[in-house]
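Below: the structure, in structure tokens.
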Amino acid sequence: MLRTKGFATVSTSHPFPSKERKKSGSLRTGGLVLVGIGGIIGAGFFLGCGVPIQAAGPAVLLSFLLGGLITSQVTGALTSIATRHPVEGSFKVYADHYIGPFAGFMEGWVYYLTGVITIASEAVAMGVFTKVWLPSLPLWISSLAYSGIIILINAFGVRSFNRVESFMTVVKVAALVGFIVFAVLTITGVLHHASVQATSPTMTSYASPFFAHGFSGVMQSMLVVIFAYAGIGVFATAATKVDNPQTIERGAGLTVLVLTLLYIVSIALLLWIQPWQSISTDTSPFVLAIRQHGVGWMSDLFNAAILIASFSVMAGSVFSSAQILSSLGTAREAPAFVSKTSKRGVAYGALLFTAVGIGCSIGAAYLLPANVYNFLISASSFMTFFYWVLMLWTFLRWRKTDEGKTSRASLLAFAAPYGTWITIVFIIVLTAYALFDPSQRIAFYAFLAIVVVLAVSYRFVSKSGKLTQGASDPKEWS
């Protein structure tokens, strides 16, 4: 399993002589796009899109377009370095080298903790999807049950899970395409139900002002929109899995384009047949739209498909998060216990630590005075903003080196370095805008507390001399 939802295996054996590193696979562009889309599309879109729709109204389409542009910049920054230095650990290792060990430490840990929170949010989302069939089942029970199942799968291992995950990717993409076809048939009047009054839906949501809550609504919606794109880091970690480095850039470009188009087209059609004011995160907006247009069997089928989508994202995230933590432990940047592995190679120490973290995340979310799912995705998004800024900063530092000055940056990082700086500033502005929402403000305080704890921990670890330092001589890098 390469990784899912952007969580990579982190290796801290610095530096990385890429000319001597052998490729461990031969992923082609199509396979890389499949891995990327499979690792990104999950509950963050199928359920989470209700939050930005509420915040921005029809203008959420602009939010997803801006999200695609920001994602392009971050992906371009990653792939520009990764195609030249294909090493396991990618951006964590790059931050170590180009910025310093503190940045690498923070990026590795924030990335891991984002993974834990993402897993918890996917578990909660799976519980929400299950309520469509079992409305009386408490959400916390189903969330913990799904978490336990995923942990057990990773503990015992399923050798053929890569094939299963590829199948799940096809299912989730087919679900989105299927909804697009359903919406088009509904709008054109080909598909209708006699018991439904709105048999010929008009542009329901677009009858209201496009900027229903002003441009500030667009800005506030961006925090959760980014969550729908957050797994894009796969293309930096895929560098060791391809024979041709240019495959990474082609795959990344196609994935960003396909994702952005799928998101915008599906939401545009959703808003055409469903008033945006009726959309929430109590159920998937897509399932709600299908059900309210009288096609119950199709809504159940779609609900099952997005349940599979969440399962796919969650399973891969648990695997990758445990691998990250195990590597941090090996580098003495985490407790030694987490690097313990079984005879079969299962990182049981990291897996157990991750399981506890998932339980704590779900428990803490239920204790806080906010919608559980909204809190989890908001906290994860703040952390994503943090490590994305570090990734962009790393790219800017690389551009100042002799290699960076003479190398062509990825086309995705358009207008670099100016586009990179604009993206960093924009992310900071988006963070400030998100604080106007009280529920997102609570998530920001949680994020801030995590950053402070990590910073204090780094000082303790570095002073104790336990931290493994990376090589600082650029000549050792090819």
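Are there any pairs with C-beta distances below 6 angstrom linking a residue in the stretch 452-468 that is closer than 20 Å to VAL93 by Cβ and among the basic types (Lys, Arg) to a residue that is surrounded by 10 or more Cβ atoms within 10 Å (Cβ to Cβ) and modelled with pLDDT of 65 or more, with the two at least 6 apart or on different chains, and if so which?
Taking only residues 6 or more apart or on different chains, the pairs are LYS466/ARG332.
Across the stretch 342-362, what is the total count of residues that are in a helix (DSSP H, G or I), surrounded by fewer than 21 Cβ atoms within 10 Å (Cβ to Cβ) and free of Cβ contacts under 8 Å to residues at least 60 places away in the same chain?
Initial filter on the stretch 342-362 (in a helix (DSSP H, G or I)): 348-362.
If we keep only those that are surrounded by fewer than 21 Cβ atoms within 10 Å (Cβ to Cβ) too, we end up with 348, 352, 356-357, 359-360.
Of the ones still in play, those that are also free of Cβ contacts under 8 Å to residues at least 60 places away in the same chain are 352, 356, 360.
Qualifying residue count for the region: 3.
For the stretch 327-341, enumerate the residues that are more than 21 Å from SER380 (Cα to Cα), among the hydrophobic types (A, V, I, L, M, F, W, C) and touching a residue at least 40 places away in the same chain (Cβ under 8 Å). First the steps, then the outcome.
First, pick out the residues of the stretch 327-341 that are more than 21 Å from SER380 (Cα to Cα): 327, 329-333, 335-341.
Add one more test, that the residue is among the hydrophobic types (A, V, I, L, M, F, W, C), and what stays is 331, 336-338.
Within the stretch 327-341, ALA331 is the sole residue that qualifies.
For residues in the stretch 150-161 being under 22 Å from ALA125 (Cα atoms) and surrounded by 15 or more Cβ atoms within 10 Å (Cβ to Cβ), which is modelled with the lowest pLDDT?
First, pick out the residues of the stretch 150-161 that are under 22 Å from ALA125 (Cα atoms): 150-154, 161.
Next, from what is left, pick out any that are surrounded by 15 or more Cβ atoms within 10 Å (Cβ to Cβ): 150-151, 153-154, 161.
Numbers: ILE150: 84, ILE151: 86, ILE153: 79, ASN154: 77, PHE161: 56.
Step by step, filter the stretch 150-161, then rank; the result is PHE161.
Cβ-Cβ distance below 6 Å, separation of 6 or more or different chains: which pairs start in the stretch 113-133 with a residue that is without any contact (Cβ under 8 Å) to a residue 60 or more places away in the chain and of a type outside the set (Asp, Glu) and end on one that is surrounded by fewer than 24 Cβ atoms within 10 Å (Cβ to Cβ) and part of a helix (DSSP H, G or I)?
Hits for this filter: GLY127/LEU139; GLY127/SER142.
Within the stretch 302-315, track down each residue that is out of contact with any helix residue (DSSP H, G or I) (no Cβ under 6 Å at 6 or more places or on another chain) and either among the polar types (S, T, N, Q) or in contact (Cβ under 8 Å) with a residue 24 or more places away in the chain (or both). I'd like the intermediate steps shown before the answer.
So in the stretch 302-315, the residues out of contact with any helix residue (DSSP H, G or I) (no Cβ under 6 Å at 6 or more places or on another chain) come out as 304, 311.
PHE311 - this is the single residue of the stretch 302-315 that is out of contact with any helix residue (DSSP H, G or I) (no Cβ under 6 Å at 6 or more places or on another chain) and either among the polar types (S, T, N, Q) or in contact (Cβ under 8 Å) with a residue 24 or more places away in the chain (or both).
Filter the stretch 273-288 down to residues that are touching a Ser or Thr at 6+ places or on another chain (Cβ under 8 Å) and either part of a loop (DSSP other than H, G, I, E, B) or at pLDDT 95 or above (or both), then give me how many there are.
2
Which one of these does TYR373 not meet: (1) within 27 Å of THR255 (Cβ to Cβ); (2) at pLDDT 85 or above; (3) in a helix (DSSP H, G or I)?
All conditions pass for TYR373, except number (2).
Kindly indicate which of PHE436, PHE414, PHE444 is in contact with a Gly (Cβ under 8 Å, 6 or more places away or on another chain), of a type outside the set (Ser, Thr, Tyr) and either within 22 Å of MET222 (Cα to Cα) or part of a loop (DSSP other than H, G, I, E, B) (or both). Give the derivation first.
Details: PHE436 fails: in contact with a Gly (Cβ under 8 Å, 6 or more places away or on another chain); PHE444 fails: in contact with a Gly (Cβ under 8 Å, 6 or more places away or on another chain).
None of the other options fit; the residue is PHE414.
Per-residue answers, yes or no, for (1) over 26 Å from ILE150 (Cβ atoms); (2) acidic (Asp, Glu); (3) out of contact with any Leu (no Cβ under 6 Å at 6 or more places or on another chain); (4) at pLDDT 80 or above:
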| position | (1), (2), (3), (4) |
| --- | --- |
| LEU271 | yes, no, yes, yes |
| ARG291 | yes, no, yes, yes |
| GLY294 | yes, no, yes, no |
| ILE306 | no, no, yes, yes |
| SER312 | no, no, yes, no |
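Scan the stretch 394-407 and give yes if some residue there is within 22 Å of the chain's Cα centre (by Cα) and part of a helix (DSSP H, G or I), otherwise no. Write out each step before concluding.
Step one: list which residues in the stretch 394-407 are within 22 Å of the chain's Cα centre (by Cα), which gives 394-395.
Next, only the ones that are part of a helix (DSSP H, G or I) stay: 394-395.
Checking the stretch 394-407: at least one residue is within 22 Å of the chain's Cα centre (by Cα) and part of a helix (DSSP H, G or I).
Of everything in the stretch 88-112, what is surrounded by fewer than 23 Cβ atoms within 10 Å (Cβ to Cβ) and either of a type outside the set (Gly, Ala, Ser) or free of Cβ contacts under 8 Å to residues at least 12 places away in the same chain (or both)? Give them in sequence order. First the steps, then the outcome.
Of the residues in the stretch 88-112, the ones surrounded by fewer than 23 Cβ atoms within 10 Å (Cβ to Cβ) are 88, 98-103, 106, 110.
Hits for the stretch 88-112 are GLU88, TYR98, ILE99, GLY100, PRO101, PHE102, MET106, VAL110.
Answer yes or no: is there a residue in the stretch 216-226 that is at pLDDT below 85 and out of contact with any helix residue (DSSP H, G or I) (no Cβ under 6 Å at 6 or more places or on another chain). It would help to see each step written out before you state the result.
Within the stretch 216-226, the subset at pLDDT below 85 is none.
The answer is no; no qualifying residue exists.
Of the conditions (1) part of a helix (DSSP H, G or I); (2) closer than 30 Å to ILE422 by Cβ; (3) of a type outside the set (S, T, N, Q), ALA145 clears all except one; give me its number.
The one condition ALA145 does not meet is (2).
Residue-wise test of (1) assigned to a helix (DSSP H, G or I); (2) touching a helix residue (DSSP H, G or I) at 6+ places or on another chain (Cβ under 7 Å).
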| site | (1), (2) |
| --- | --- |
| ALA56 | yes, yes |
| ILE70 | yes, yes |
| GLY76 | yes, no |
| PHE91 | yes, yes |
| GLU107 | yes, yes |
| VAL110 | yes, yes |
| LEU113 | yes, yes |
| TRP133 | no, no |
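For the stretch 270-298: of the residues being in contact (Cβ under 8 Å) with a residue 24 or more places away in the chain and small (Gly, Ala, Ser), which is nearest to THR341 (Cα to Cα)?
Within the stretch 270-298, the match that is nearest to THR341 (Cα to Cα) is SER284.
Considering the stretch 378-403 alone, what residues qualify as being free of Cβ contacts under 8 Å to residues at least 40 places away in the same chain and buried (at least 19 other Cβ atoms within 10 Å of the Cβ)?
ARG399
The values are calculated or read from the model by the stated rules, or taken from the named source; none is laboratory data. Computed from a prediction, not measured in an experiment: that's the story for all the values here. Don't worry about glycine lacking a Cβ; one is built from the backbone with ideal geometry, like all the others, and counts go over all protein chains shown.
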